[in-house]
Structures are given as structure tokens and as C-alpha cells.
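The values are calculated or read from the model by the stated rules, or taken from the named source; none is laboratory data. If you're wondering where the values come from, they're calculated on a predicted model, not measured in any experiment. No Cβ is skipped: glycine too gets one built from the backbone with ideal geometry, and neighbour counts run over all protein chains shown. The accessibility values were calculated without ligands, DNA or RNA, using every heavy atom of the protein model including side chains. Shrake-Rupley method; radii C 1.70, N 1.55, O 1.52, S 1.80 Å.
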Amino acid sequence: EENDRKRIPCPLDPKHTVYEDQLQKHLKKCNSREKPKPVYFVQDINAGLKDVAEIPGEQVPISSLSKEELENLIIKLKNASNGLELRLKEQILSHQALEEALNDPKNGESAFKHLKQQASILGNMEKLHLLGPGRCFVEFGAGRGKLSHWVDVALQNVENVQFLLVERATTRFKVDGKHKGRDSIFERLQIDIQHLCLKKVPILEKKKLPVVGIGKHLCGAATDLALRCLAESYTACCDGRNEEPAPKRSRTDKTKVASNSSADSESNREDCEPVAGIVIALCCHHKCDWTHYVGREFFKSVGLGPIEFHYFQRMSSWATCGMRETPTKASTSKEREDQSNDTEEHEQALSKTESGSDTLQGILTVEERKEIGCLCKLLIDHGRIEYLQQRGYKAALQYYTESAVSLENVLLTAVPRPSLIPEP
């Protein structure tokens, strides 16, 4: 009789089969079934652009552009960059929490580079008075959670501290276990930042601590999603509605409170603690997306749009790649799992064809390509700074480590204007 039973492909995942007479029972426990969404999941709350007409269509690769088209793009880039501070301030700091690890000869060169970056991020956080009691640190693109680990080490004698580690991928070799038995509260949120409504996270609802958003090499569009999550939609989800991101504000409107929209009711204002600060090490501008980009209004204000953005984000890879070969070896499973945190900054993610660098001999020198790539990154990042300034933040870009340590060495920091910084 067993041989007479018919097996059919599972309708949820045809890669496996199931007995037809057991289908209904199987569907209730199949690993491919749709899991219940967490309470803090709000579809596309941080996604940004919803106007389909403004979403750019397919563009030809840079390698297919004519010399004149490429030159016109570079002229537009230089015109839009006029007046921007081209050389960022150096803020290469350190922190005593990592002193022992930095002096440990057992750490290899790669580990040492990451430790130097983490130490500088903590040093910059301390300078902005963000390391203290009564805070909830939200690490975006947390990977193994190393940055949160070092923040916790720096705050080991401090009370009332929470950590939320946001990572959409399942992560192995997490360091969260090191914190069991300590006073700090660590919680992982396995969710895409695009759908994360922080205000609905139970631990934040309960204690309502001011939030500090942090990230080490938050890749491309993930930075924009995180900025919108903190600066725009954090207070839009104070009640149980299907919230939309907060409405756009005009470029001239720079008087808004950081995380409290001016139109918010007094009751909402009482419910929502402000964002105390944002400290994010940037990377992978070539993975930015016009749909999610928070600086669209800035781009439009300097006469640029989605097509220019598409090419500028591609050209941004010239700042770190030059004419180097793209590695052909497949990345290891550890590298894939640590992509948000511990790999070497994803510097070679674009092929030479995609970035156009294989067709540029004779048109641009390596140094010219590098300069143009840096301008593209700066322009994209300046749009992020303007976005934060319009929402009441004092925002800045700075070099937080030497280029020999990481070619992706720019740190974005933002704190509410002095009158808005919450008391611990």
C-alpha cells in the first residue's frame, strides 16, 4: 500500500515532494511556509520613492557610452560638486576599550585593520557624547555584532543600556553569546531595514530609551534605508496604523526637530524619544539605489536626476578600484555571511565592464578616474548630509581611518542640534 501512495511536488517549494494524502498536514509545518511577520514589520516603511514615473529604466553600461556622453557626465558632476568641501576633516581616533586587543600580537593584519576602524568609530562616538547610560544602540547591518560588542565593552560599568542588532541574513559565529549574564540587553532583529519600524520593537516600546544608530560599512542603499528608519519613519509608527514614511520637506526647511515631525501631535511627541545620534561608516556607493536614496531632493536642486545618479553610483567604484582586476574566485561562506561587517569592505564588487574601467584607457588616467570616483561618492554623501540637516541634525562627514587601513574610510555622524540632545 505504501508504494501506491502518490508523491507530488510541494506547492510552497517544488524542490521537495510530499505524499499527496499528507499535503494539508505538511503545509502547516513546511519550512518554506510564510512565517508570521514580527510586530515591527511594516511593509516598505523605509523604502522611499513610490512614484513609479520617477524610477529610472534600464540604462546602458558606462562601457557603452560615447566619449562625448562620458565627458558630459563628468562636466555635470564637477558643476554639481562646486562649493562642496572636497577634502574632509580627519577624525582618526581610538578608544581604550580596544587597547588590549589592538596590542595583542595574536591578531593578524586583517583583524588589526578592523579593530582600528572599530576603535575610531567608538572614539568618534565618545567625542559626540553618545557613549553613556540610558541608550539603545541599534546596529544596522550587524553581521556578527562586533561593533555592538565593543560598544558594550566600553560601557561595561554603565547602567540601562540596550542593543538591537539588525541583520536580514542568518549569521553564524555571532559574538552575542559573550554578553550572557551581563547587565546589557542584546536582541537580534532578523529583518530587512526596508521594513523595520523601530517604534514597534517591544523592547523600545517598553523602555523608550533614546536611540543611537550605528553601523560599520553599511552597504550602499542600506545606509539610506537606515537613515530614513531613524530620521523619518521612527516617529511615524507610534500608533497601530499602516504607516507611510513622513512627508517630504522642502530644502529650505531646516528648522525641524530631528525625529519629531513639526506636524506631530503633542501626544506623539511625548511617546517618542528622539534619536540621540547616528554614526555610520559608509561603503559600496555603487550599490546605492535612486528608489531608496535619501538625497534625491539635493540631486534635483543641482539639476541632476535618476539617470545621472545611476552613472555616478557606478563611477563611484573608480575611487577604490582603479584598474585593478576583479577577483574571480567565489567568496567563501564566511565572507558571504559577514558581508555587512567583517569582509574587506566589498571594494571589488563591480566588474570592470560594469564600472566602465575596461574601456577608459586613453580617455582618463588612473588618477583622473580615482578623482572622479571620489567626487561621485562625495556628491552622494552630501545628499545624505542635507537630508539629515533638513530634519534638525548637525551632520558631518569625516575620514575616520587611513586609506591604508580601508579605502572606504568615511564616517557619517549626526546628532540633534544642541537643544535637542536628550538627557540620559
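Set the Förster distance to 30 Å, then compute FRET efficiency between Asp13 and Ser110 from the Cβ-Cβ distance, nearest 0.05. Could the numbers behind the result be given before it?
Working: r = 38 Å, r/R0 = 1.25.
That gives a FRET efficiency of 0.20.
Kindly rank 404-410, 66-72, 383-389 from highest to lowest mean number of other beta carbons found within 10 Å of each residue.
In decreasing order of mean packing, 404-410, 66-72, 383-389 become 383-389, 404-410, 66-72.
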**Complete:** Label model pair Lys37, Glu402: point-to-point distance (7 angstrom along the Cα→beta-carbon line) in nm is 4.9
**For peptides 108-115, 145-152, 396-403, sequence by mean Cβ density within 10 Å, most packed first** = 145-152, 396-403, 108-115
**Fill in**
Cα-Cα longer than 24 Å, checked against Lys116/Lys174; Lys300/Lys394; Lys127/Lys206, kept in input order, equals Lys127/Lys206
**Item:** Rounded accessible area per residue of the range 126-165, 1.4 Å, Å²
**Value:** 33
**Asked** Expressed as a whole percentage, what fraction of the accessible surface of the range 1-134 belongs to carbon and sulfur atoms when a 1.4 Å probe is rolled over the protein heavy atoms?
**Response** 49
**Item:** Radius of gyration and maximum dimension Dmax of the range 46-168, Cα, Å
**Value:** 21.4, 61
**Request:** Would you please give the FRET efficiency between Asn82 and Gln24, computed as 1/(1 + (r/R0)^6) with r the Cβ-Cβ distance and R0 = 51 Å, to the nearest 0.05?
**Result:** 0.15
**Request:** Calculate, for the range 2-95, the solvent-accessible area per residue in square angstrom, rolling a 1.4 angstrom probe over the heavy atoms of the protein chains.
**Result:** 72
**Message:** I'd like the distance between the alpha-carbon centres of the range 2-42 and the range 113-174, rounded to an integer number of Å.
**Reply:** 39
